[in-house]
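Structure record follows, encoded as structure tokens.
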Amino acid sequence: MTDLSLEQARTIVREALAHGRRADLAPLTVAVLDAGGHLKCFAREDGSGILRGDIATAKAWGALGMGFGSRTLHERAMASEKSRVFFGALSDVSGGRVVPVPGGVLIRGESGSIAGAVGISGDASEKDELCAIAGIVAAGLSADAG
């Protein structure tokens, strides 16, 4: 397991938000979790909705819990009726803490091991995902969106 430092987590948040501002996105909320699923850093821009923190955290938590980015979670959830049944059960098992849409990105260290995950919510999921990737890269880490 690769440790994610507080400074790296702060860089991810700062740069993800900066990317969102440069792209003129809606107000964003960013949650950075360590490899154990614990909140390492969090920010909610002025005007970001009150549910955005829960959504951002659930995107990151789901990516960590399943071992791949929430883009892949989304693709698998939509693949078939059988998949939708599985993801309904996954939601139940996780206490509703998995949101299978893009915007939850795994953070990988130099060795490729999982150091944590970033979840972003506020704009279109694909745009949230791009902000997460920008923050991770700015922190000198590798982004794995799925």
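Would you be able to tell me the number of residues in the range 112-136 that are closer than 16 Å to Asp34 by Cβ and of a type in the set (S, T, N, Q)? Lay out the reasoning, then the answer.
Looking only at the range 112-136, we keep the residues that are closer than 16 Å to Asp34 by Cβ, and these are 113-119, 132, 135-136.
Among the residues that remain, those that are also of a type in the set (S, T, N, Q) are: 113.
Going through the range 112-136 one residue at a time, the tally reaches 1.
Name the single residue that is farthest from Phe68 (Cα to Cα) among those in the range 94-110 being in contact with a strand residue (DSSP E or B) (Cβ under 7 Å, 6 or more places away or on another chain) and surrounded by fewer than 20 Cβ atoms within 10 Å (Cβ to Cβ). Break it down into steps so the answer makes sense when it comes.
So the first thing to find is which residues in the range 94-110 are in contact with a strand residue (DSSP E or B) (Cβ under 7 Å, 6 or more places away or on another chain), and the list is 103-109.
Restricting the remaining residues to those that are surrounded by fewer than 20 Cβ atoms within 10 Å (Cβ to Cβ) gives 108-109.
Details: Arg108: 11, Gly109: 15 Å.
Per the criteria, the residue is Gly109.
Quick test for you: out of Asp46, Asp128, pick the one residue that is at pLDDT 95 or above and either assigned to a helix (DSSP H, G or I) or over 17 Å from Ala18 (Cβ atoms) (or both). Show your work before the answer.
Numbers: Asp46 fails: either assigned to a helix (DSSP H, G or I) or over 17 Å from Ala18 (Cβ atoms) (or both).
Residue meeting the stated conditions: Asp128.
If Gly47 passes every condition in (1) surrounded by fewer than 19 Cβ atoms within 10 Å (Cβ to Cβ); (2) free of Cβ contacts under 8 Å to residues at least 24 places away in the same chain; (3) on the phi < 0 side of the Ramachandran plot but one, which one does it miss?
Here Gly47 meets the rest and fails (3).
Taking the options Ser91, Ser113, Ser121, name whichever one is surrounded by fewer than 15 Cβ atoms within 10 Å (Cβ to Cβ) and on the phi < 0 side of the Ramachandran plot.
On inspection, the qualifying residue turns out to be Ser113.
Which condition number does Ser80 fail, the rest of (1) surrounded by fewer than 19 Cβ atoms within 10 Å (Cβ to Cβ); (2) within 21 Å of Leu141 (Cβ to Cβ); (3) among the polar types (S, T, N, Q) being met?
For Ser80, the exception is condition (2).
With Leu25, Leu33 as the choices, which residue is in contact with a Phe, Trp or Tyr (Cβ under 7 Å, 6 or more places away or on another chain), modelled with pLDDT of 95 or more, aliphatic (A, V, I, L, M) and not in a helix (DSSP H, G or I)? Reasoning before the result, please.
Working: Leu25 fails: in contact with a Phe, Trp or Tyr (Cβ under 7 Å, 6 or more places away or on another chain).
Every option except Leu33 fails the conditions.
The values are calculated or read from the model by the stated rules, or taken from the named source; none is laboratory data. This structure is a prediction, so every number in the text was calculated from the model and none was measured. Every residue, glycine as well, gets a Cβ built from its backbone with ideal geometry; the counts of neighbours run over all protein chains shown.
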